[in-house]
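A short write-up of the structure that comes next.
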């Protein structure tokens, strides 16, 4: 803030001069006391300078609407929307989100520091404040092949950027527990900057949580039960309540929230597809759902604004009060969180669901972020799973969850070769390394997709983003792989060796330069194609497939190096041997 603005703002606050903008006839949400108050809201130089009785050069008549602080998404991967940060801003601003805390580890796993720099550059000058947490775990584990490796020295200089505010989700728990020098370097660099450190405590016991807190890790978004959340709150962590496209944890976690601990609770979306944002919303959906579940509306809004701002040290954000940025909403209804208008720094940026700002679209993409799919020609033989016996370790998906079950089941065989079964819903899963042309192929068996034919493939495969394909037969799987090579990354659905729908994502195999309207049209085409191959509509099969490769979320996952047991942190064979695991198939 310049001296001139500071002087002008104080003079406007003291009523020596008119404010730039005054909002009249509104019901102000006092986010500190959780009550509704009345008065004019005076704004000068993009900052709120007073609540009371004010005159201004411009008057906004709220006409009895609620004046709310705008919303903050406390943890989101912009890449999961499949559009660039510039386009993403057009998508979420109409939903009342004017600040996001983002972790660009998706593109970083593909393109390293160039990927981080792209996200920073592309988010400059937006009416959305994109605050960046530096990817802590690239790769997430040593049990897979990523496109890049980021060491502490690679990250350190980024702390000089004004929008870099911390170290993103630390998911490599063994490196923290075992005091890996490289991981300690990242933690110490963040600590020296007084930067916040995000956690990723999926599946950790109490001792693991103690280790994380001792290491300075302050947040976690991986709670899936109220008990999980409570243990984190007891240890002084912030609990980020997630409601994304796959991980929908809000209903399970909300019972832990009360007026005594709510200030340590925030909302986030983590990974949410563009089409889901268009239909449901962003953090505004979390708020609405929480209110429907019985949470006080003002408390829900506090969690999405002031709590998130204070957690991440964003002074001046999250409240309607003097000294705070004029990022606010006019709400038609408090319980349904119906947004009439969205303001950023006092400027109207969205009205009745329509984005109002004008942003130029980039005409070209940095060459270093394209051409990321490197796969040698494959044949049926490359996709064969051979076993001496019929007993197999099987990944069972859990709809609308990132976690999976570990089944041991008898599967169909042709001699010593696994045969997918549509009737029993045992399909073939393959993860193909696509960054360095290594030829690595991890093979597995998955239950729960319920496809009646065809194959689905994508280069969105968290977190190393190799190519993952699930199918009912080898021919369709091979065609899907060929299609993604041709597209330079993306998503495709195949049946009878014919591509029936695709979406090209040439930016690291994760994003496109197209508008969100064009992407939404392509996603609708993919949805129709998924119906043709029998995919259920009770969960998102594309996002579910994308997370079957994440070896830090229990219980069983697949990487390009093979089947991975997350609970023991080791690769295992597809062929199973007698063990103390009981089938939950059909439960």
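With both residues required to sit in the chain, DSSP beta bridges show an antiparallel share near 70%. Starting from the 7 Å offset along Cα-to-Cβ, what nm value, one decimal, do you get for the label separation of residue 207 and residue 497? Reported label-point gap for residue 207 and residue 497 is 5.5 nm.
The Rg/Rh ratio of segment 369-572, with Rg taken over Cα atoms and Rh as the Kirkwood radius over Cα pairs, comes to 0.94. Of the peptides 535-542, 555-562, the order by per-residue mean of other Cβ atoms within 10 Å, starting with the highest, comes out as 555-562, 535-542. Placing a label point 7 Å from the Cα of residue 332 along the Cα-to-Cβ direction, the residues of segment 36-78 with a backbone N closer than 15 Å are 63-66.
Could you let me know the centre-to-centre spacing of segment 124-166 and segment 226-269, using Cα atoms, in angstrom? Measuring centre to centre over Cα atoms gives 25 Å. Multiplying each eigenvalue of the alpha-carbon gyration tensor of segment 70-317 by 5 and taking the square root yields semi-axes of 26, 22, 16 Å, largest first, rounded to whole angstroms. Between the beta carbons of residue 292 and residue 400, assuming R0 = 22 Å, the FRET efficiency works out to 0.85 to the nearest 0.05. As a length-normalised measure over Cα pairs under 8 Å and 6 or more apart, the relative contact order of segment 369-572 settles at 23 percent. Against the chain, whose longest principal axis is taken from its Cα atoms, helix 113-122 shows a tilt of about 40°.
Between helix 516-532 and the chain there is an angle of about 30 degrees, using the helix long axis and the longest principal axis of the Cα atoms. Comparing Cα centroids, segment 515-565 and segment 310-326 end up 37 angstrom apart.
Placing a pseudo-label 7 Å from each Cα along the Cα-to-Cβ vector at residue 475 and residue 36 gives an inter-label distance of 6.5 nm. Compared with the direct C-alpha span, the chain from residue 159 to residue 390 gains 77.9 nm at full extension, assuming 0.36 nm per residue. For segment 280-412, the Cα-based Rg and Dmax, in that order, read 24.7, 72 Å.
The chain has equivalent-ellipsoid semi-axes of 44, 24, 22 Å, by the square roots of 5 times the alpha carbon gyration tensor eigenvalues, sorted largest first. Considering only alpha-carbon pairs that sit under 8 angstrom and 6 or more positions apart, the relative contact order computed for the chain is 15 percent. Each peptide in 507-516, 340-349, 435-444 was scored by the mean count of other Cβ atoms within 10 Å over its residues; highest first, the order is 507-516, 340-349, 435-444.
Between residue 248 and residue 230, the contour length at 0.36 nm per residue exceeds the Cα-Cα span by 4.7 nm.
Multiplying the residue separation of residue 410 and residue 7 by 0.36 nm and subtracting their alpha-carbon distance yields 137.5 nm. Between residue 359 and residue 521, the modelled labels are 2.0 nm apart [label points 7 Å from Cα along Cα→Cβ]. For the chain, the longest principal axis of the alpha carbon atoms and the long axis of helix 181-192 meet at an angle near 10°.
A short reminder: the numbers here are calculations on the coordinates, not readings from a lab. Not measured: the values here are computed from a predicted model. No Cβ is skipped: glycine too gets one built from the backbone with ideal geometry, and neighbour counts run over all protein chains shown.
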